[in-house]
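One structure below.
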């Protein structure tokens with residue numbers, strides 16, 4: 001811990017320290033008035049363990065260097081009749097072999113680009129290696145560090161399951177491995193892969209984020225295969241209404257270079273598979289050679305282009321390709337059809353250096369590597385692209401990635417630097433794949449260059465006459481919010497009729513609270529506080545489920 005932290009002026013490191021389980025639900029203290037209609041469960045994922053004593057020698061403590069690498073934990077906030085209860089559970093075992101292979105021993109000096117890259121994103125290598133063959137997945141449901149996204153939309157591959165509606169709560173990560181957990185106790189049930197649904201879906205990589213069409217009941221994702229001829233298989237899964245068994249359809253196979261892709265886009269007509277630059281060398285085989293994801297990246301090439309592959313959902317084939325200047329992205333936001341065009345919104349970075357910046361030492365304020373990194377974090381900004389006249393470009397279909405003779409993806413607008421946004425969400429329940437107006441996310445105010453984000457933001461995409469963006473901010477000193485989750489109000493008329501929920505760490509009080517904002521005014525209406533000293537670590541993603 002740095003001297004700044006010891007003096008109390010750096011209250012944010014607590015979010016990157018070990019968090020013990022809360023297996024039995026506890027009731028939180030509520031301030032304000034929770035709307036009577038707001039009843040349901042907010043799930044949160046993230047890393048809950050960053051330092052682990054060796055079981056062989058407790059005096060030796062292993063640690064994880066990167067935000068994405070800590071052992072997974074899931075949190076559950078239930079709101080019922082205005083009462084908020086909380087519980088949490090570790091969903092990744094502290095396996096000695098995993099710790100020794102992926103943690104590192106304490107060292108006195110950290111050299112950026114050497115020791116950091118030796119251990120950064122090691123979790124990805126572990127799940128990548130395990131998912132090369134579904135036979136490598138452990139029978140122990142507590143094994144496997146899988147806790148990035150959650151879904152209830154994936155059909156259960158075990159058709160004899162007694163789970164209601166043949167579905168369960170499933171955790172995902174950036175590899176072809178999944179973990180089902182009990183939605184009440186959060187106890188891990190089973191590890192499996194997409195190969196369980198279709199034998200060709202055996203590749204080691206898959207995005208943490210999926211797309212789901214509630215009208216058709218289809219879950220969409222892709223699996224990528226490594227090797228001399230790497231390729232991406234885009235597929236859908238839905239439940240057969242008669243048999244209850246999942247039906248899997250391969251929509252398209254894109255031969256291409258291999259890259260680290262965390263998400264993709266979809267409209268009512270199309271899957272938009274966006275191949276931004278975060279390339280793996282040797283068709284992905286270098287990941288196994290290096291045993292490390294970052295050391296497997298090809299150096300950034302500013303002249304490379306980003307490709308937008310358009311797959312027709314009805315025709316089940318690739319129908320057009322567009323390109324743009326290169327960029328990097330973690331999260332797409334929303335997309336929709338506009339006549340013969342497609343509108344795509346995403347949070348875009350100028351390059352992939354943000355991956356290197358999200359180290360625990362940097363995020364928690366350690367001064368040991370401050371001189372090795374940029375003075376502030378790179379910020380993702382909302383960019384809107386338009387793919388024009390898709391039907392006119394059917395002859396542009398050429399799966400050779402080296403061919404850049406494609407129509408351009410038109411950049412419609414980008415938000416300014418001060419309106420940066422990450423972990424973006426919209427009113428998905430009513431405006432997903434539709435024209436919409438509001439984006440919510442975490443944001444960086446710029447007041448402290450060492451902090452990745454320190455506020456919540458709401459951006460109005462209907463620009464003013466001078467081209468600027470109306471926006472609203474929630475910010476409180478010493479507080480770090482998590483990804484906002486929009487919950488629509490019953491009988492809502494306007495798009496922002498509802499509330500925003502976010503789990504906030506209050507570094508000044510050494511505690512966390514569940515924040516509830518009025519989504520329209522962006523003003524606080526209630527919070528549910530945890531006991532002092534009880535903290536929910538900085539998480540990744542969330543999911544809201546209404547009560548039955």
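The values are calculated or read from the model by the stated rules, or taken from the named source; none is laboratory data. Model, not experiment: these values are computed from the prediction. A quick note on method: Cβ atoms are made from the backbone with ideal geometry, for glycine too, and the neighbour counts reach across all protein chains shown.
Points to keep in mind about this one:
- Positions within the range 447-472 being modelled with pLDDT under 95, touching a strand residue (DSSP E or B) at 6+ places or on another chain (Cβ under 8 Å) and more than 15 Å from residue 381 (Cβ to Cβ), in sequence order: 451, 454
- Flag for residue 199 being in contact (Cβ under 8 Å) with a residue 40 or more places away in the chain, part of a loop (DSSP other than H, G, I, E, B) and surrounded by fewer than 22 Cβ atoms within 10 Å (Cβ to Cβ): no
- Residue check, residue 398 more than 16 Å from residue 269 (Cα to Cα), assigned to a loop (DSSP other than H, G, I, E, B), touching a strand residue (DSSP E or B) at 6+ places or on another chain (Cβ under 8 Å) and at pLDDT below 90: yes
- Checking each residue in the range 506-533 for being modelled with pLDDT under 95 and either surrounded by fewer than 18 Cβ atoms within 10 Å (Cβ to Cβ) or in contact with a helix residue (DSSP H, G or I) (Cβ under 7 Å, 6 or more places away or on another chain) (or both) picks out 507, 508, 509, 510, 531, 532, 533.
- Filter result (assigned to a strand (DSSP E or B) and over 23 Å from residue 424 (Cβ atoms)) within the range 312-329: 312, 317, 318, 319, 320, 321, 323
- Residue identified as at pLDDT 80 or above and exposed (fewer than 15 other Cβ atoms within 10 Å of the Cβ) among 45, 27: 27
- Between 272, 250, the distinction of being at pLDDT 95 or above, crowded, with 19+ Cβ neighbours inside 10 Å and outside any loop (DSSP other than H, G, I, E, B) belongs to 272 only.
- Inter-residue pairs, beta-carbon under 9 Å, first on the phi < 0 side of the Ramachandran plot and surrounded by 16 or more Cβ atoms within 10 Å (Cβ to Cβ) and in the range 382-396, second modelled with pLDDT of 95 or more and assigned to a helix (DSSP H, G or I), 6+ apart: 382/419
- Check on residue 170, outside any loop (DSSP other than H, G, I, E, B), more than 27 Å from residue 77 (Cβ to Cβ) and in contact with a strand residue (DSSP E or B) (Cβ under 6 Å, 6 or more places away or on another chain): no
- Of the criteria (1) closer than 28 Å to residue 336 by Cβ; (2) part of a strand (DSSP E or B), which one residue 189 fails: (1)
- Restricted to the range 404-434, and to residues there that are under 21 Å from the mean Cα position of the chain (by Cα) and part of a strand (DSSP E or B), the residue that is farthest from residue 266 (Cα to Cα) is 422.
- Restricting the range 286-305 to residues that are under 22 Å from the mean Cα position of the chain (by Cα) and either in a loop (DSSP other than H, G, I, E, B) or closer than 30 Å to residue 238 by Cβ (or both), the residue that is modelled with the highest pLDDT is 293.
- Candidate set: the range 30-39, residues that are in a loop (DSSP other than H, G, I, E, B) and under 29 Å from the mean Cα position of the chain (by Cα); chosen: the one surrounded by the fewest Cβ atoms within 10 Å (Cβ to Cβ): 37
- Residue match in the range 147-166 (condition: under 14 Å from residue 91 (Cα atoms), crowded, with 16+ Cβ neighbours inside 10 Å, in contact with a helix residue (DSSP H, G or I) (Cβ under 9 Å, 6 or more places away or on another chain) and at pLDDT 85 or above): no
- Of all residues in the range 435-467, those being closer than 12 Å to residue 345 by Cβ and in a loop (DSSP other than H, G, I, E, B) number 4.
- Filter result (touching a residue at least 60 places away in the same chain (Cβ under 8 Å) and loosely packed, with under 15 Cβ neighbours inside 10 Å) within the range 435-467: 435, 446, 449
- Candidates 355, 343, 333 - the one that is in contact (Cβ under 8 Å) with a residue 40 or more places away in the chain and either assigned to a helix (DSSP H, G or I) or under 19 Å from residue 449 (Cα atoms) (or both): 355
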